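Let me begin by handing over the structure; questions about it come next.
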Amino acid sequence: MIRFALALFLLVVPAAAHATDAGWALLRDGGHVVLLRHAMVTGTTDPANFDIGNCATQVNLSARGKQQASKIGALFAARAAPIARLLSSRYCRCLDTARTAFEIEPELFAPLDLLKSDAAEKAAQIAAVMKEIRAYTGSDNLVMVTHLENIVALTGVSPREGEAVVVEPQGNGLRVLGRVTF
C-alpha cells in the first residue's frame with residue numbers, strides 16, 4: 001500500500017510541476033488572462049451577518065494565506081510576468097490577496113464576487129466576466145482575483161486556494177492554457 005501511494009505521488013508531482021512551468025512560460029510572454037483564486041482563508045463560509053463593506057463580517061485570509069499572497073507576488077516579479085490590469089472581487093479575501101501579491105490597488109469588479117444563487121443573476125455575472133476577458137487585448141497580463149465557484153463555472157477547473165488558471169476565449173467559453181500553483 002505504501003509503495004502504491006509513493007508511486008502515485010511520484011506520478012502526480014512531475015505533472016503538477018510541468019503544468020506550473022508551462023503556466024509561467026505563458027505569463028512571461030504576456031497578453032494572457034489569469035483567473036486567480038484568492039489565497040488561503042480562515043474558514044469556509046461567511047457568517048450570517050456578512051457585509052461586503054466590513055471585513056470583520058467575512059471569511060478572511062489566514063496567516064498562511066497572507067504568506068501565500070506575498071509569495072504569489074514575489075514569484076510574479078521574479079519570473080518577470082508583467083501585469084497590465086488587476087481586477088478583484090469586492091470580498092476582502094480577494095482584495096487582500098490582490099493588494100498583498102501585487103502591491104497595487106485592484107479595480108473592484110463586482111461580477112467576480114461569489115456567484116449569485118438566482119440563475120439569471122449568476123448568468124449575468126458570468127457574461128460580464130466573459131465580456132471583460134474577450135475584450136482584453138493588452139500585451140501584459142490581466143489578473144482577475146476571484147473565488148473557486150466562479151473559476152469552476154467559467155472553466156470547469158477546480159483550483160486550489162492561491163492557484164492561477166491561465167485562460168483564453170474559445171467559442172462560447174474559455175480554454176485553459178495553463179495553471180500555476182503557489
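So which cysteines of the chain have no other cysteine's Cβ under 4.7 Å from theirs?
Result for the chain is C94, no neighbouring Cys Cβ within the cutoff.
Checking the cross-link filter: which lysines have an alpha carbon closer than 27 Å to that of K66, excluding same-chain neighbours under 8 positions apart?
List returned: K116.
With the Cα gyration tensor of region 125-182 in hand, give its eigenvalues times 5 under a square root as the equivalent ellipsoid semi-axes, listed largest first in whole angstrom. All intermediate terms of the calculation are to be shown ahead of the outcome.
Numbers: eigenvalues 59, 38, 23 Å².
Rounded to whole Å, the semi-axes are 17, 14, 11.
If you line up the Cα atoms of region 66-112 on their principal axes, what length do they span on each, largest first, in Å?
Result for region 66-112: principal-axis Cα extents of 30, 23, 14 Å.
Next question. Where Rh denotes the Kirkwood radius from the mean inverse Cα pair distance, what is Rg over Rh for region 38-182? Could you put the intermediate results ahead of the total?
Details: Rg = 14.6 Å, Rh = 15.5 Å.
Checking Rg against Rh, the ratio lands at 0.94.
Each residue of region 133-148 in order: what ³J(HN,Hα) in whole Hz does its phi give by Karplus 6.51 cos²θ - 1.76 cosθ + 1.60, θ = phi - 60°, with x for Gly and Pro?
For region 133-148, the Karplus-derived couplings read 5, 5, 6, 6, 9, x, 8, 9, 8, 9, 10, 10, 8, 8, 10, 3 Hz, x marking Gly and Pro.
Here's another thing I want to ask about it. Scan around I83 for amide H atoms under 5 Å from its own, H built in the peptide plane at 1.01 Å from N, and keep only partners 5 or more places away or cross-chain.
Excluding prolines and chain starts, which carry no amide H, the hits are N141.
Where a number appears in this text, it was derived from the coordinates with a stated rule and is not lab data. Nothing here was measured: the structure is a model prediction, and the numbers come from that model. Every residue, glycine among them, receives a Cβ derived from its backbone with ideal geometry; neighbour counts consider all protein chains shown.
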